[in-house]
Every structure is written in structure tokens, then in C-alpha cells.
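The values are calculated or read from the model by the stated rules, or taken from the named source; none is laboratory data. Because the structure is predicted, anything quoted here is derived from the model rather than measured. No Cβ is skipped: glycine too gets one built from the backbone with ideal geometry, and neighbour counts run over all protein chains shown.
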Amino acid sequence: MSPEAPLDAAYWQQRYAAGHTGWDAGQITPPLLNYFVQLGLPDARRILIPGAGRAYEAEYLHRQDWPNIFVADVATAPLHDLRQRVPDFPAEHLLLEDFFQLAPTPPYDLLVEQTFFCALDPSLRPAYARQCAQLLRPGGTLVGLLFDTEFSQPGPPFGGSREEYRPYFEPYFEFVHFDTATNSIKPRQGRELFICLRRK
């Protein structure tokens with residue numbers, strides 16, 4: 001990112017205000033929906049969705065009665081949008097915070113990745129993997145989708161490849177699943193990795 005256009009809270013707030021939200025699928029995407037369905041009945045697991053955007057994943061889990069869903073974003077607009085759609089979502093679970101400043105106490109059991117990694121300046125990717133590990137308890141899970149493609153336009157979103165990503169996560173995680181998603185939404189078919197990584 002250039003000094004003229006830092007990817008900070010003001011940048012993302014402006015994107016929402018201008019309606020420049022091409023990453024927004026308008027609903028929970030099939031790979032994550034299928035993963036959540038197999039989690040079973042709601043329990044006390046602490047689930048964090050960082051860089052959550054409009055947080056359709058949080059909305060789905062909340063409506064399924066999962067009690068400990070937390071969403072974090074640096075922009076106020078998407079958090080406000082979630083409260084408008086889901087008025088009974090706990091206000092204290094809406095974290096207007098920088099992901100890299102989130103505290104790991106108490107640790108989370110599950111961290112959900114959906115278009116946050118690709119929104120970060122690529123230089124932050126090693127720090128992202130490290131922070132995910134710090135926020136999760138040992139044995140906790142990082143699950144989600146990463147773009148396995150390059151983009152012709154300057155980011156965000158920023159592309160990449162599975163070969164690039166693997167070394168970021170290897171120091172902290174065991175790889176349960178790390179392969180092309182089979183049920184991506186149409187514009188992303190064949191261009192996404194579904195990842196399920198277990199904290200060492």
C-alpha cells in the first residue's frame with residue numbers, strides 16, 4: 001500500500017460509503033455454510049470473525065443460537081449494518097478494533113477467515129498467521145477461504161498462491177485441509193482455497 005492510500009479505518013469506511021464493496025457476496029458463502037452445519041449443536045465455543053465486513057457468517061451462527069460469536073472490524077459501517085440486520089446481536093461482541101491489537105485472553109476456539117486476508121497489505125501476511133495463532137487456544141481451528149489466484153488490478157483484494165501461503169502458517173498450525181474449494185460462489189470457482197488449520 002502506498003503512503004497516499006493507507007488501508008486504514010478511514011479507507012475502508014470510505015469504501016462502504018461509496019458502495020465499493022465488491023468482496024461482499026450478500027450472504028454466507030457455501031464453503032463456510034457447509035462447515036458450520038457440520039459443527040453440530042451450538043455450544044460455548046468462542047468464535048472470532050476478524051475483518052468481518054458485513055459478517056453474514058456471524059449472522060448465520062447467531063441465528064443458529066451460537067452464543068459466543070465475536071466480530072472485529074476497523075470500520076464502523078459494517079458493524080452498524082450487522083446491528084441493523086440483527087438487532088439482538090450482543091453489542092459487546094462487536095469489536096471496533098484492529099485485528100493485530102486484539103487480545104488473546106480468553107483465547108478463541110475458532111477463527112473464521114472470509115476475504116480479510118486478501119484485504120491486508122501482503123507484507124502483513126506473516127504477522128496475520130502469527131496473530132491468528134496467538135488468538136487461538138492450542139488445538140483451536142482457523143477455517144476459511146483464501147484466494148488462490150492473482151488479480152490484474154492493483155489491490156485490495158490482493159491475490160496469491162497456496163505455495164506462498166503455506167510457509168506463513170506452517171510454524172503455528174497443523175494442516176487439516178488446504179485445497180481448492182469445491183463449492184465456491186460462481187465468480188470465485190476454482191480460485192479459492194478452503195483451509196482448515198489446527199493450532200499446534
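Across the stretch 70-104, the number of residues qualifying as under 13 Å from Tyr60 (Cα atoms), β-branched (Val, Ile, Thr) and more than 14 Å from the chain's Cα centre (by Cα) comes to 1.
Give the stretch 51-63 a look and list any residue that's of a type outside the set (D, E, K, R) and either touching a Pro at 6+ places or on another chain (Cβ under 6 Å) or modelled with pLDDT under 95 (or both), or say none. Working first, answer last.
Step one: of the stretch 51-63, the residues of a type outside the set (D, E, K, R) are 51-53, 55-56, 58, 60-62.
Scanning the stretch 51-63 gives Gly51, Ala52, Gly53, Ala55, Tyr56.
Just so you know, in the stretch 168-200 the residues that are of a type in the set (Val, Ile, Thr) and in a loop (DSSP other than H, G, I, E, B) include one that is modelled with the lowest pLDDT, and it is Ile185. Screening Ala129 against (1) assigned to a loop (DSSP other than H, G, I, E, B); (2) in contact (Cβ under 8 Å) with a residue 12 or more places away in the chain; (3) among the small types (Gly, Ala, Ser) leaves a single unmet condition, (1).
Does Thr105 fit the bill of being surrounded by 14 or more Cβ atoms within 10 Å (Cβ to Cβ) and not aromatic (Phe, Trp, Tyr)? Step through it out loud before you land on a result.
Numbers: surrounded by 14 or more Cβ atoms within 10 Å (Cβ to Cβ): no; not aromatic (Phe, Trp, Tyr): yes.
No.
Only residues that are exposed (fewer than 15 other Cβ atoms within 10 Å of the Cβ) and either over 30 Å from Thr105 (Cβ atoms) or among the charged types (D, E, K, R) (or both) were counted across the stretch 138-154, and they come to 5.
Among the residues of the stretch 164-171, at least one is surrounded by 13 or more Cβ atoms within 10 Å (Cβ to Cβ) and over 18 Å from the mean Cα position of the chain (by Cα).
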